[in-house]
Structure formats: C-alpha cells, structure tokens
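To start, the structure under review is shown below, and the notes come after it.
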Amino acid sequence: MTEFKSLRIFVEKGVVTRRVELCRLEDLPDHDVLIKVHFSSLNYKDALSANGHTGISRHYPHTPGIDAAGVVVSDQSHTFKDGEQVAVIGFDLGMNTWGGLSEYIRVPKEWVISLPAGISLADAMRLGTAGVTAGYCLEKLLRNGLAGSQANVLVTGATGGVGSITVHLLASLGYKVTASSGKTDQYEWLTALGASQIIGRQDLSAESVKALLPETYDAAVDTVGQDTLVNILKSLKYGGSVAACGIVGGTAVPLDIYPFILRHVNLLGVASATASLADRQRVLAKYASHWRLRLLESLCEEISLEQVSERVDAMLAGTITRRALVKLC
Ligand SMILES: NC(=O)c1ccc[n+]([C@@H]2O[C@H](COP(=O)([O-])OP(=O)(O)OC[C@H]3O[C@@H](n4cnc5c(N)ncnc54)[C@H](OP(=O)(O)O)[C@@H]3O)[C@@H](O)[C@H]2O)c1
C-alpha cells in the first residue's frame, strides 16, 4: 500500500488548521492519470484555498495546489506513457480537486500537458499558473495593439509570482517596464529583472477624484485591482490597454467612463484557469523558445511541503518576495 505526504487543510467551526499528513492512493479522486508529483508551486489562489476560502475550495478537508509537475505512474486512458514527464496547470486542480501540494495526484487526462522540449519539471513549476498568466496577459496586449518594444508597460504587484515573471518577460523582449511595488528593499532585484523604472505601490492605490490622469503608459498588466486598476485606466495613453488579472488589492472597481470615451482605452480580462489545454501548451512552448527567461531559476525560492503553511501566511500578508517552487521528491 503506497502512503504519501500531502498538505491537508481542515476547517472546523471557522478555525483553519494545516497539516502535512500521510495519505493513501485510495484517498485520491477516481480519474484516469496517476502522477507522482516532483514539484508544485505557490500561487495566491493556493494561499486563499489553504486559508479556508470557500469561494476557491468549497469543501474541506482539502489539499490545495493549482500547479503540479511530475511523472505518469499509470494512465487508464492510455494517452500517456508510464514515466512520461507531464504538468497540470490550472483547471480544477487544487480548487475542488485534490491538488498538487501532494506527492501524488490523480486527474482527468484532459488536464495533462506533455512538457515541451527544453522545459524541465522544475521549470514548468517555476512558471506554472503565474507564467502562463503572464503569457496570456502579453498575448492579449499584443492582440489589442501593443506594438514596438519602445512601449512603456506598467506591471503592478511586481515582486509577486505573476508580477515578477511579467516584468522579466517584457524586459527580455525589449519593452520599457515600469514596475509598481510595495517593497522598497526589492527595487534592486526588480532592476535586475529588467525594470527600467520603479514606482511605489501607494502611487497607484489611492482613490483619485480626477476623471483622467497624465497619459503615462502604453499598456499595463495589473495583478492588484480595486483603485489601482482605476488609476491605471486613467493613466493609459490614448488607445492603450490594461490586462487585468488580479485582486490582491480588492475586487471592487469604481469605474468612470472618461478613460474609455476620451482616451479610447481597453480593459482586458484574463482568466487562465479556464483556458484550453492547447492555450497552455502554446504558452509553455513559447517559454521554451523565444520567451526563454534567462533568470527564471532566480525568480523562485525552493521550499519543502512542510514550509508551505508559513509561506501561505506571508503571501496573504503581502510580504513574500519570490515565487515558491515546492519540491516534493
Ligand atoms: N486571472 C487569472 O487568470 C490569474 C492567474 C494567476 C493569478 N491571478 C491573480 O493575480 C494576483 C497575483 O497572484 P500571484 O500568485 O502572483 O500572487 P503573489 O505572488 O502573492 O503576488 C502578489 C503581489 O501583489 C502585491 N500585493 C500584496 N498585497 C497587496 C495589496 N494589499 N495591495 C496591493 N498589492 C499587493 C505584492 O507585490 P509588491 O509588494 O511588489 O507590490 C505581492 O507580492 C492574485 O490576485 C491572483 O489571484 C489571476
């Protein structure tokens, strides 16, 4: 009987407890593909799920982890070979399906990606949902008129998972990147990732009564939401776009129509969890070729399953600086 470690979240009478426990394969849901997980990662959504957020995970006890990379142990659908290196990024993994913060997962074959050549199991998780989301944001901006590498692109929540990959990706492609961050002690790191200008988090987060602000950015990737997103819309140049993907600053967006009808700006939504398998494969393949990130390894800090709980608290407090790569074997 195979026993394996898994992070289990318990919610009893409103009190959340997190424990690494020994589980058995019979505990896993009944799907086609059994995967031995080598690496996972930590995303903001994992922190919410690990904190008992029923908007993310309805039922507890639960194992979070929206990303996992490992090798196929068995596949009842015969789609994947035993030993094949694969990743699962998003879909329902770690939401209401047993997630990747576990030494084994069992998932539907429709969620499984064969890794492109040049992307290791660890790289797949260094990128994970954050990398795929950064890629979708860039693709959406390009489809909506982002041109010329001289464009000035703003990235908010810049030291976070999505933010830091986006900063590095855009800078690697030659864009002029303005990073917005609440961590003054990380400005040097953001500069090393390629940011050419850094502004404080508070420069964008205050409620503004003005209908428009000076035209500053050609485009933006926003992981924060709330007043930050409103201020970005007011600061975009004529015809500019913002790819909005995050809510760390809040979910309400008190919009004013003027940026849209006077500056022709675009508010673009990004939803990576529901993107198709083909979309995920296309974006990962780009990271294996012309989007290859020189500093990908240094974007992450490797941690163990036992260190996840402490990291979750730091993530929710907004104090972490690097994406976490969780090593499981
Ligand atoms: N739509 C999608 O498909 C999609 C996919 C992935 C993630 N997301 C969302 O994107 C956001 C970021 O995810 P992540 O995994 O990158 O999270 P993360 O690693 O925790 O990064 C969040 C960053 O936001 C900044 N921040 C923290 N608290 C803040 C606050 N109260 N106000 C403003 N900024 C704050 C911090 O950066 P600084 O200190 O540098 O400011 C922090 O490092 C989350 O809301 C997540 O749900 C959405």
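The values are calculated or read from the model by the stated rules, or taken from the named source; none is laboratory data. These figures come from a predicted structure and were not determined experimentally. We place every Cβ from the backbone using ideal geometry, glycine too, and count neighbours over all the protein chains shown.
Okay, residues lined up against (1) among the β-branched types (Val, Ile, Thr); (2) under 18 Å from the mean Cα position of the chain (by Cα); (3) not assigned by TED's automatic domain parsing to the domain that holds Arg311:
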| position | (1), (2), (3) |
| --- | --- |
| Ala87 | no, yes, no |
| Gly94 | no, yes, no |
| Ile105 | yes, no, no |
| Leu121 | no, yes, yes |
### Query
Can Leu229 be described as modelled with pLDDT of 95 or more and within 17 Å of the chain's Cα centre (by Cα)?
no
### Total residues in the range 176-235, condition assigned to a loop (DSSP other than H, G, I, E, B) and either in contact (Cβ under 8 Å) with a residue 12 or more places away in the chain or outside the structural domain of Asn144 (by TED's automatic domain parsing) (or both)
18
### Message
Residue pairs, Cβ under 8 Å, 6 or more apart or interchain, first in the range 260-288 and of a type in the set (Val, Ile, Thr), second surrounded by fewer than 19 Cβ atoms within 10 Å (Cβ to Cβ). List them.
### Response
Val265/Tyr238; Val265/Gly239; Val283/Glu139
### Query
Which condition breaks for Val253 when tested against (1) within 17 Å of the chain's Cα centre (by Cα); (2) assigned to a loop (DSSP other than H, G, I, E, B); (3) within 15 Å of the ligand (Cβ to nearest atom)?
(1)
### Message
When the residues of the range 178-207 are narrowed to those that are buried (at least 16 other Cβ atoms within 10 Å of the Cβ) and farther than 19 Å from Ser298 by Cα, which ends up farthest from the ligand (Cβ to nearest atom)?
### Response
Thr178
### Task
Filter the range 292-312 down to the residues that are surrounded by fewer than 21 Cβ atoms within 10 Å (Cβ to Cβ), in a helix (DSSP H, G or I) and under 17 Å from the mean Cα position of the chain (by Cα), then identify the one that is farthest from the ligand (Cβ to nearest atom).
Glu297
### Query
What is the one condition in (1) away from the ligand (no atom under 16 Å from the Cβ); (2) under 17 Å from the mean Cα position of the chain (by Cα); (3) crowded, with 18+ Cβ neighbours inside 10 Å that Val265 does not satisfy?
(2)
### Task
Identify the residue in the range 145-160 that is farther than 16 Å from Trp291 by Cβ and not in a loop (DSSP other than H, G, I, E, B) and, among all such residues, is nearest to the ligand (Cβ to nearest atom).
Thr156
